[in-house]
Amino acid sequence: MTASPSDPTRLSALDAAYLAVGRRRQQVNSPTFVIEVAGSAPEQDTLLDHVSQCVARMPRLRQRVRRSGLGLRRPLWVEDVSFVLEQHVGVKHVQNEDELRMVVDQCLSEPIDLDKPPWDLRLVTGHSTSGFVLLLRVHHAVGDGDALVNQVLAEFFKSRDDPPILLAPGHRISRRRDAVLGLAELLADTTRRPAPRVAELNGPLGTDRHLHWSTSSVRDYAVAAERHGGSINDIFLTALGGALRDWLGARQLPLPADLAVGVPVNLRSHREAGALGNRLAGFRLHLPLGPSDPTRRHVLVLGRMQALKSGRQLEGAMLEAELSRLVPTPFLGTSMRLRFSRRVVNLMASNIAGPSRPATFIGRRVVSIVPGPPLPPRHRLIAQMSTYANTVSVAVVADSSVGDADAIVASIGEHVSRLVGDQ
């Protein structure tokens, strides 16, 4: 018998862990997407009608979280019988781009209401005469970045008759023995080479977040990858290493040779390609800061990423993700905090592949999509690159205790340009 979309569905262990770790005021766990759209803003009735159609196609957007009485079992997704669309969709007018960025930071800083379906959409006007901005906020328990961009966000771009969008399948465990050995290697690497102490990157969090971003053509990344080898994600990681080197150096701080960086990897199979939820593992990359020359740094990044991809560490991380199902529900939050421990990783650096073709929102052209990821526990910075059509967006979310984080975004662009110029 097939379950109805309105039937209660229990959260996976990883989804429930993201829910548990976000219960503290300092640990807001709702990714925010900044979507720039060209043209005049739709009327509020038109906006509500369009979003209503999207919600009808995606039942999760009408469901809220129901926790068990004693917290001994994972929570359930249940139909919100008092769902009111207007409580999730709003319109706001600002005077300029500075006010827009303040609204974005507010979205990243405020906890989402878990007594209702955990998402909201704001249409913001006034910062530009050529378009408007959509701010879509969704709790991490609903899905990881790939799912939120290519499933939830894609629904808002679809018309009534568009075909469904499916994610490309991800990595799967091929041999159980390799996975066990890979997990042992991952644990040994963490023990032998713990993440360096960098107080600016790891420590207690405040309650405010700031998103810094830039959007450019994908061409520079593609040219750099063609000249130096690897993927555009390898180019991003190389540029990020250089930007962090510049940023720490400008603050006259000790410069470690490497930083331990978590690089998430999508684990969805063909069968799970259209599913929400979190299906992630990842590499633990020792990101080199040492070489000032970006070409030399890229050689190191490329070699280390190729070694990780051809080795067993990812299989071990995938096994670790599978074993999380065995963690008792009351300890899921603790297990998640241990995963992001200062000894394990200094920061996360992810890459989301968005729609490859230009999208529209109620007949208006979508110009750019910038994901604003939430900060993991005790991580004061997180970096993310995303692609959409022929654009690349680079975003850095920083805790309020971190200064000059906008310089990191600018420096990433400069290091990509240097790679393009190097022969």
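If I model a spin label as a point 7 Å beyond the Cα along the Cα-Cβ vector, how far apart are those points for residue 275 and residue 57 in nm?
2.2
Could you give the nm distance between label points at residue 97 and residue 191, where each point is 7 Å from its Cα heading toward the beta carbon?
Taking the simple label geometry, residue 97 and residue 191 are separated by 5.1 nm.
Using the Karplus curve 6.51 cos²θ - 1.76 cosθ + 1.60 with θ = phi - 60°, work out ³J(HN,Hα) for each residue of the range 282-289 in order, rounded to whole Hz, and write x for Gly and Pro.
x, 8, 10, 9, 7, 6, x, 9
Under a crude label model (7 Å from the Cα following the beta-carbon direction), how far is residue 85 from residue 404 in nanometres?
4.9
Residues of the range 369-407 with amide nitrogen under 14 Å from the 7 Å Cα-to-Cβ point of residue 208?
Label zone hits: 398-405.
What is the calculated FRET efficiency for residue 70 to residue 199, with r their C-beta to C-beta distance and R₀ = 45 Å, to the nearest 0.05?
About 0.70, to the nearest 0.05.
Once R0 is set to 25 Å, what does the formula 1/(1 + (r/R0)^6) return for the Cβ-Cβ distance between residue 253 and residue 184, expressed as a FRET efficiency to the nearest 0.05?
FRET efficiency, residue 253 to residue 184: 0.15.
Would you mind ranking 9, 129 so that the residue whose beta carbon has the fewest other beta carbons within 10 Å leads the list?
Working: 9 16, 129 6.
By the 10 Å Cβ count, ascending: 129, 9.
Dipole size in debye (nearest 20) for the chain around its Cα centre, Lys and Arg Cβ +1, Asp and Glu Cβ -1?
Charge dipole, the chain, about its Cα centre: 1660 debye, nearest 20.
Under a 5 Å amide H to amide H cut-off, with H placed in plane at 1.01 Å, what residues pair with residue 365 once short-range neighbours are removed?
38
Taking other Cβ within 10 Å of each residue's Cβ, how do 309, 92 sort, fewest first?
Ascending Cβ contact count within 10 Å gives the list 309, 92.
For the range 59-70, in order, what is each residue's ³J(HN,Hα) by Karplus, 6.51 cos²θ - 1.76 cosθ + 1.60 with θ = phi - 60°, in whole Hz (x at glycine and Pro)?
My calculation for the range 59-70 gives x, 4, 6, 9, 10, 10, 8, 10, 7, 6, x, 9 Hz in order.
Put +1 on the Cβ of each Lys and Arg and -1 on the Cβ of each Asp and Glu in the range 9-157; which of 17, 47, 81 then has its Cα farthest toward the positive end of the dipole?
17
Compute the length gained on full extension between residue 323 and residue 48: take 0.36 nm times their separation in residues and subtract their Cα-Cα distance, giving the result in nm to one decimal. Don't skip to the end; give the middle numbers.
Details: separation 275, 0.36 × 275 = 99.00 nm, distance 4.18 nm.
Roughly 94.8 nm would be gained on extension.
All other residues with a Cβ under 14 Å from the Cβ of residue 390 taken together, and with Lys, Arg as +1 and Asp, Glu as -1, what is their net charge?
+2
Fewest to most neighbouring Cβ within 10 Å: what's the order for 80, 246?
Ordered by Cβ neighbours within 10 Å, fewest first: 80, 246.
Roughly how many debye, to the nearest 20, is the charge dipole of the range 9-157 about its Cα centre, given +1 on each Lys and Arg Cβ, -1 on each Asp and Glu Cβ, and no other charges?
960
Just so you know, all these numbers are worked out from the coordinates, no wet-lab data involved. Every value quoted in this text rests on a predicted model; they were computed, and no experiment measured them. Neighbour counts are summed over all protein chains in view; Cβ atoms, including those assigned to glycine, are modelled from backbone coordinates with ideal geometry.
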